[in-house]
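Encoded as structure tokens, the structure appears first; notes follow it.
Read-outs throughout are calculated quantities, based only on the coordinates presented, and are distinct from any laboratory measurement. These numbers were taken from a predicted model, which means no experiment stands behind them. We place every Cβ from the backbone using ideal geometry, glycine too, and count neighbours over all the protein chains shown.
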Amino acid sequence: MPYVPHTDDDVRRALAAIGVDDVDDLFADVPAEILDPPLDLPEPMDEVALLAHLDALAALDQQAVPTFLGGGVRRHFIPAVTPRLAMQGEFVTAYTPYQAEVAQGVLQSTFEFQTMMSELTGLPIANASMYDGASAVAEAALLAVRQTHRETVMVSRAVHPETREVLQTYLWPLDIDIEVVDLEPSLTTPVPAVGDHVAALIVQDPNHLGYLEDMPAMAAAAHAAGALLIAVVDPLALAVLREPGSYGADVAVGDGQVLGVPMQFGGPAFGFMVVTDGLLRQLPGRLVGQTSDVDGRRAFVLTLQAREQHIRRSKAKSNICSNHQLAALLATVNMAALGPTGLREMAEGTVRRAHQLAAALRAAGADVAANERFFAEFVLRTRAEGATVRRRLAKRGVRAGVPVPAEYGIGNGVTLAATELTTDADVEALLAALHDVGELGVVGTEVVA
Amino acid sequence: MSDFPLVFERGAAGRRAARPPVTDGASMAELLGEEALRADPPRLPEVSELDLVRHYTQLAHRQFSIDGNFYPLGSCTMKYNPKLHEDAAERFLDLHPYQDPDHAQGILALLHDLQRDLATITGMDAISLQPAAGAHGELTGILMIRAYHEANGEGEQRRVVICPDGAHGTNPATASMAGYDVVEVPTGPDGEVDIEAFEAALGPDTAAVMLTNPNTLGIFERRILRMSEAAHAVGAQLYYDGANLNAVVGRARPGDMGFDVVHLNLHKTFTTPHGGGGPGTGPVGVKAHLAPYLPVPLVAREGDRYVLDAERPRSIGRMRSFYGNVGNLVRAYAYIRTLGAEGLRRVSSMAVLNANYLRVKMKEAGFTIAFDRVNMHEFVAQPPAGMRTLDIAKALLDHGVHPMTVYFPLIVKEAMMVEPTETESLETLDAYAATLAEVLRRAEADPAYLAEAPRHTPVRRLDETTAARKPVLRHGFGDL
Ligand SMILES: Cc1ncc(COP(=O)(O)O)c(C=O)c1O
């Protein structure tokens, strides 16, 4: 089913109009020695067989069980109305809105998105989205380098390890140095001494292990050295936590999955970047602006494109072209559905459920890290290695435990996340499973399973 | 005429569409400390569910789409996006990237087999599914080439990436992001890269050559094997921008053309939806000598299990978090598994047939074809003398069809780049050609016709100058 409408008659009619005898004549420019190689692909399936095949694969994957996984992606409430509206064919099958007169749907909803991201972060200018949080952080670092003409960035070790790896990949070819700030025993970032060779200080709040950072102090330390503060934020947390604009962050970046995008094994969600007015000309990615049409009606259009690759080519601020518009639309509709109250309730529910979980674990004799200032997740020290604990819990029907990497120096451990969707029954299931695998209580021998 | 409202301008304080489960308990100040909290709530919309539904349904109606009508944007491959693929993707929504891999064997098997099938289709040895879009794949590929040259002790020497002057903007922009200088080579009178200029540009400083084949004029580079030999003779690596693979998918492979690295735009050839600008998905394939540099992790098979292999010491590292745009990878997998090799051959065959048919029809309608010869999946036309492409594009909007890509590639004046794709019928192409002829006829009869178009779209021509001079990039809530 190649979705091709051509009948044999159509093909004959088209060939006659073109003035060739055979479709292969149209491929005459392709060197004969490389045309039509044998392709060893599986035999095609019809619709019913395909879905049966996918069902069989999906059955091997743990879904819809109690879930306590975080580390950048979480299961949150997504009302039914959100995907129904955002995934309408008109949005799903549109291209980049280059013909504004017939693309007001995408353009206006993107303007609404930019407004919402600006409101959440307290910074004025949001772009139309990036690929994901990690690449947005890397792009933010490049922005800081362009803006300050300095060639070092400083990053907290509590920034998500994968984000730091992406940062490293992006900065390596440009010879930009990375200085890493180590953590305190509280698993938070000390206010570092920022040198005047530093373009930006990058701090994640809440950090990768879940804990809140002293962001106003970070901003002061960065600014005293003439560096930018890049705040890597959880946009749902910003329904309750102080917003980057309020403490003087220059750039707020992050991943939008928690705002209404299904987990999908980690993608696609979207990245966002929101900056101060002074950084507008350095901003990568698409921007939608408000204007009017010849009849004086308000209308929206892609603007300030001279920053972008299709105009500026090798001098562009970034090579980004396609972004993650449809995922950003999911977030836009979702925030509009929830409103300020619903979003706050989700954030509060997340904080309360996470704190209740930590208390329940402590009560059951688990070794929960001491820091109480966490948003959705926190560290549990474990007897077995983190990945082993995770596998043992999975066997007992619970998805929990992102392993804490060795670089944090806490020995064996995992992070556990709760959200507003966590139920008392979920917590019971986790406690029972942890008990089963010998991670609760002061006594007990290693259980192997 | 009144303005179409923003979602912020609908509803009333206190309304909302959706309620999450609510958990009571300690206050945020008690749990997190007063100083951690924001002072004022974000000003988000407060609308009822029906307000919300009407708002985004009406916005959808103000949006052109493939589902709605013909959308022949050159270089974009606006083919039909099967509804079946949406059902396919829904089966894998609740998977967490950090769940135990032993309990994610189904999705890992799917990704593993997709790596294998994309390697087969492109003629490459290994595939990474990680890049998020075409441009992201380009950066991945050029960084791998950089790492390869550095490992060979040629990192300092090789400073230049060569692109044709017709290249897409992401190609030179990518080369810059990877720390390279860009050298452009001209297009010859036949619409192919000027081979003498190309060979003269190659040298010991060349790191990579970035090409797409067919090129951005829709013309197949007949001398590709010679170009590849010449590039390799000076130690350069050949990069294939896969944006135009729809022309040859199933029938010719970049690997066989001599390319060392290729990225695919799954949102073009493999019909994952464009989503109003993204998410795309840009897997990268390489020949064996570059495989050690692929980003981590790869999906690998160990015995009877699938694993995420991140222990690859020569890897360039990660390009993004997690494993890729998995939702779209599932869609592309569904496409390949339902088409098979024969189906893919038919895709490119009919894409090329349709494009040549429309070329002939547009010529009959009075357009000039830049480099008039048999083309592949797309071609570049020009309007009759004295008319502007922009005006014709706007007039087309009044006829309910979408214009072609305009003013790209930059090397053709008033360029109109047309790519009908294989999923359109000849009736649709005939109607488009007839509409174009009608637009020319009316333009000749009445000069105001073009200047005032479009008349019937949700909004008419926009003041783009003011948008850029006095940027308004967010709603002001009446107080900005
Ligand atoms: C020839 C060519 N190369 C590269 C790209 C960039 O792809 P993406 O938008 O997925 O980054 C495009 C897309 O428009 C293209 O047409």
* To do: Given the peptides B:221-228, A:57-64, B:274-281, arrange them by the average over their residues of other C-beta atoms within 10 Å, most packed first.
  => B:274-281, B:221-228, A:57-64
* To do: Would you mind giving the mean number of other chain beta-carbons within 10 Å of the Cβ of each residue in A:47-54, as a whole number?
  => 5
* Structure fact -> From fewest to most C-beta neighbours within 10 Å, the residues A:Glu179, A:Glu139 line up as A:Glu179, A:Glu139
* Asked: Along the three principal axes, how long is the range B:342-466 when you take its alpha carbons, biggest first, rounded to the nearest angstrom?
  -> 50, 31, 29
* Tell me, how many Å apart are the Cα centres for the range B:443-469 and for the range A:36-93? -> 42
* To do: List, in order, the whole-Hz ³J(HN,Hα) value for each residue of the range A:132-145 obtained from phi through the Karplus relation with A = 6.51, B = -1.76, C = 1.60 and θ = phi - 60°; use x for Gly and Pro.
  => 7, x, 5, 5, 5, 5, 4, 5, 5, 5, 5, 4, 5, 5
* **Distance between the range B:338-396 and the range B:320-334 - C-alpha centres, whole angstrom** => 31
* Asked: What FRET efficiency comes out for the pair B:Arg373/A:Ala56, r = Cβ-Cβ distance, R0 = 45 Å, nearest 0.05?
  -> 0.40
* **Cα shape, the range A:8-58, gyration tensor, a/c 1.5 rule** => oblate
* What are the aspartates and glutamates whose alpha-carbon lies under 17 Å from the alpha-carbon of B:Lys287, with same-chain residues fewer than 8 places away excluded? -> B:Asp117, B:Asp125, B:Glu138, B:Glu229, B:Asp241, B:Asp256, B:Asp260
* the range A:366-449: which trypsin sites (Lys or Arg not before Pro) are DSSP loop and have at most 14 other beta-carbon atoms within 10 angstrom? -> none
* Per-residue mean of C-beta atoms belonging to partner chains within 10 Å, peptide B:405-414 -> 1
* Structure fact -> One finds, for B:Arg222 and B:Gln382 with R0 = 25 angstrom and r their Cβ-Cβ distance, a FRET efficiency to the nearest 0.05 of 0.60
* **Highest to lowest packing among B:127-139, B:335-347, A:286-298, B:253-265, scored as the average C-beta count within 10 Å** => B:127-139, B:253-265, B:335-347, A:286-298
* Only Cα pairs under 8 Å and at least 6 apart count here; give the relative contact order of chain B as a rounded whole percent. => 18
* Residue-by-residue Karplus 3J(HN,Hα) for the range B:382-394, coefficients 6.51, -1.76, 1.60, Hz, glycine and proline x -> 9, x, x, 3, x, 9, 9, 4, 4, 5, 5, 4, 5
* Taking Cα centroids, how far is the range A:103-140 from the range B:206-276 in Å? -> 32
* Structure fact -> Spelling it out for B:Thr423: with amide H atoms placed in the peptide plane at 1.01 Å from N, the residues 5 or more places away or on another chain with amide H under 5 Å from its amide H are B:Tyr80
* Asked: Can you list the residues, at least 5 places off or on another chain, whose amide H is less than 5 Å from the amide H of A:Ala417, using H built in the peptide plane?
  -> A:Leu69, A:Gly70, A:Gly401
* Asked: What ranking, highest mean first, results for peptides A:130-138, B:165-173 when packing means the other Cβ atoms within 10 Å averaged over each residue?
  -> A:130-138, B:165-173
* What nm value, rounded to one decimal, do you get for the distance between B:Arg19 and A:Leu35 when each label is placed 7 Å out toward the C-beta? -> 6.7
* Contour minus Cα-Cα distance for B:Ala200 and B:Ala151 (0.36 nm per residue) -> 15.0 nm
* Suppose every K and R has +1 on its Cβ and every D and E has -1 on its Cβ; what is the size of the dipole of the protein assembly as shown about the Cα centre, in Debye to the nearest 20? -> 1160
* Can you pull the one-decimal nm distance between simple spin-label points at B:Arg455 and B:Asp125, each 7 Å off the Cα toward Cβ? => 6.3
* Structure fact -> Computed D for the range A:81-333, Stokes-Einstein, Kirkwood radius over alpha-carbon pairs, 4 °C, 1.567 mPa s, to the nearest µm² per second, is 70
* Could you calculate the FRET efficiency of A:Asp177 with B:Ala39 from 1/(1 + (r/R0)^6), where r is the beta carbon distance between them and R0 is 45 Å, rounded to 0.05? => 0.75
* To do: Would you kindly derive the ³J(HN,Hα) couplings of the range B:371-377 from the backbone phi angles with the Karplus curve 6.51 cos²θ - 1.76 cosθ + 1.60 (θ = phi - 60°), listing them in order in whole Hz, with x for Gly and Pro?
  => 6, 6, 6, 4, 10, 9, 7
